[in-house]
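Data block below; observations after.
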Amino acid sequence: MKQHLSLLALIVAFCFACKKDNTSAENIDTALTGIWIKAAANAGTSTGKESVEFSSNGDIIINRYYVNPSTQQILGYAYRYTGKYQVSGTGVVQLSNMKIFANNTSDPYVAAEKLTNKGNSADQQFTYQLTDFKTVLNWTVVCPPNADCIGTQQYTKQ
């Protein structure tokens with residue numbers, strides 16, 4: 001009887017130890033890996049931009065920041081999202097464990113270290129399409145019924 005219990009305990013331990021990693025190579029589209037930039041609205045004498053960085057390990061960082069239009073030097077950030085992503089189908093990206101960091105001042109932007117953690121955001125799905133040369137990303141939020149969502153956003157690979 002003790003032998004059977006030992007064997008059962010070993011099998012249960014093995015099953016829990018073999019948990020599948022959601023960010024394994026088959027859940028990452030390597031063509032997405034890198035930094036993608038979208039030009040955005042102006043804020044006074046600075047130019048607003050948004051970037052999405054897809055890491056090969058499944059991490060994602062989304063930044064809204066402002067740059068000096070002459071030097072392209074980053075002046076500060078309006079917000080940042082960090083979390084995980086995985087490709088969950090042909091042309092579908094699932095974002096999860098997203099944390100929101102936001103600017104709490106009346107200024108349009110602050111240094112990255114002054115962004116305040118505002119908690120987590122809901123998991124989100126996007127559809128995406130890459131151009132033939134994989135230098136332009138068209139990214140669209142999968143919008144729930146009756147919701148008011150933004151349309152397709154276009155990003156260029158850096």
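The values are calculated or read from the model by the stated rules, or taken from the named source; none is laboratory data. A quick note: this is a predicted structure, and the numbers were derived from the prediction, not measured. As a convention, Cβ positions derive from the backbone with ideal geometry for all residues, glycine included, and neighbour counts pool all protein chains shown.
A single member of Gln72, Gln94, Gln129 is free of Cβ contacts under 8 Å to residues at least 60 places away in the same chain and under 13 Å from the mean Cα position of the chain (by Cα), and it is Gln94.
As a summary of the residue check, Gln129 satisfies the conditions (1) touching a Pro at 6+ places or on another chain (Cβ under 9 Å); (2) within 27 Å of Ser56 (Cβ to Cβ) except for the one numbered (1). For Lys114, the stated conditions do not hold, so it cannot be described as of a type in the set (Lys, Arg) and in contact with a Lys or Arg (Cβ under 8 Å, 6 or more places away or on another chain). When Leu95, Leu115 are screened for being at pLDDT 95 or above and under 17 Å from Asp29 (Cβ atoms), only Leu95 passes.
Within segment 45-82, if we keep just the residues that are small (Gly, Ala, Ser) and either in a strand (DSSP E or B) or crowded, with 18+ Cβ neighbours inside 10 Å (or both), the residue that is modelled with the lowest pLDDT turns out to be Ser46.
Taken over segment 80-111, the residue count meeting the criterion of being under 15 Å from Tyr66 (Cβ atoms) and among the polar types (S, T, N, Q) is 3. The set of residues in segment 98-112 that are charged (D, E, K, R) and modelled with pLDDT under 95 contains only Asp107.
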